[in-house]
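Notes follow once the structure below has been shown.
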Amino acid sequence: MIHPVVKHDKFAVQRMEMLAIYFAIIDNSLHFANIMKEKKMLRQKQVPRQQLIIDIRSDSKSTVEQLHGLSEIRNVMLQRIYRAIKRALNEITFPYTILFAYLERTRNIAGLMLEQLGRKRREQLIISTQLSNIARYRRSIALPSDINVSWSEAQIRYLPNVQI
């Protein structure tokens with residue numbers, strides 16, 4: 001069960017990093033299996049069995065260290081996600097090597113692209129919200145269509161001359 005993130009939670013970002021790795025493994029495990037089947041069909045009998053190399057890069061150094069077992073995982077939720085990652089890796093039936101690599105934030109092009117995409121979506125949401133608020137405001141101040149305004153000749157003479 002995934003709980004809602006508490007505002008200002010100490011481990012929220014790291015939890016999202018670990019969950020992203022978990023879902024990347026789960027979502028791609030079928031793809032990995034298909035790659036291995038294709039390699040197996042192409043492989044000749046004298047070639048030794050090949051391993052698939054799964055390279056997972058993260059710009060969170062502490063997450064990478066925890067996945068390598070170099071750092072202790074102190075948060076209970078992070079421990080559960082870590083165990084789920086290990087279980088998902090144990091369910092892979094073909095030979096593989098998994099690499100957890102640290103990637104500096106300035107070199108994380110995929111992360112920067114996602115950040116830009118998120119920023120662009122937020123800007124579009126703000127613009128569309130502003131436009132819908134403007135349209136709503138205009139509708140609220142417009143005269144209803146069932147109002148008839150009839151002017152008498154005397155009233156029209158007192159109106160200022162406006163050139164259109």
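The values are calculated or read from the model by the stated rules, or taken from the named source; none is laboratory data. Because the structure is a prediction, the values reported are computed rather than measured. Cβ coordinates were reconstructed from backbone atoms using ideal geometry, including for glycine residues, and neighbour counts include every protein chain displayed.
Test residue 59 against the stated conditions and say whether it is assigned by TED's automatic domain parsing to the domain that holds residue 28, of a type outside the set (Gly, Ala, Ser) and out of contact with any Asp or Glu (no Cβ under 8 Å at 6 or more places or on another chain). For residue 59, the condition - assigned by TED's automatic domain parsing to the domain that holds residue 28, of a type outside the set (Gly, Ala, Ser) and out of contact with any Asp or Glu (no Cβ under 8 Å at 6 or more places or on another chain) - is not met.
Look at (1) in a helix (DSSP H, G or I); (2) in contact with a Phe, Trp or Tyr (Cβ under 9 Å, 6 or more places away or on another chain); (3) modelled with pLDDT under 85 and you find that residue 92 fails only one, number (1). Quick check on the stretch 102-150: of everything there that is of a type in the set (A, V, I, L, M, F, W, C) and surrounded by fewer than 10 Cβ atoms within 10 Å (Cβ to Cβ), which residue is modelled with the highest pLDDT? Looking at the filtered set, the residue picked out is 109.
Taking every residue in the stretch 23-37 that is within 17 Å of residue 57 (Cα to Cα) and pairing it with any residue that is at pLDDT 85 or above and part of a helix (DSSP H, G or I), at least 6 positions away or on another chain, the pairs with Cβ-Cβ distances below 8 Å are 25/85; 25/88; 25/89; 26/88; 29/88. In the set (1) hydrophobic (A, V, I, L, M, F, W, C); (2) assigned by TED's automatic domain parsing to the domain that holds residue 24; (3) outside any strand (DSSP E or B), residue 100 fails one condition alone, (3). Filter the stretch 67-88 for residues that are without any contact (Cβ under 8 Å) to a residue 40 or more places away in the chain and surrounded by 19 or more Cβ atoms within 10 Å (Cβ to Cβ) and give the result. Correct list: 73 only. Among the criteria (1) part of a helix (DSSP H, G or I); (2) modelled with pLDDT under 80; (3) loosely packed, with under 12 Cβ neighbours inside 10 Å, the one residue 47 does not fulfil is (1).
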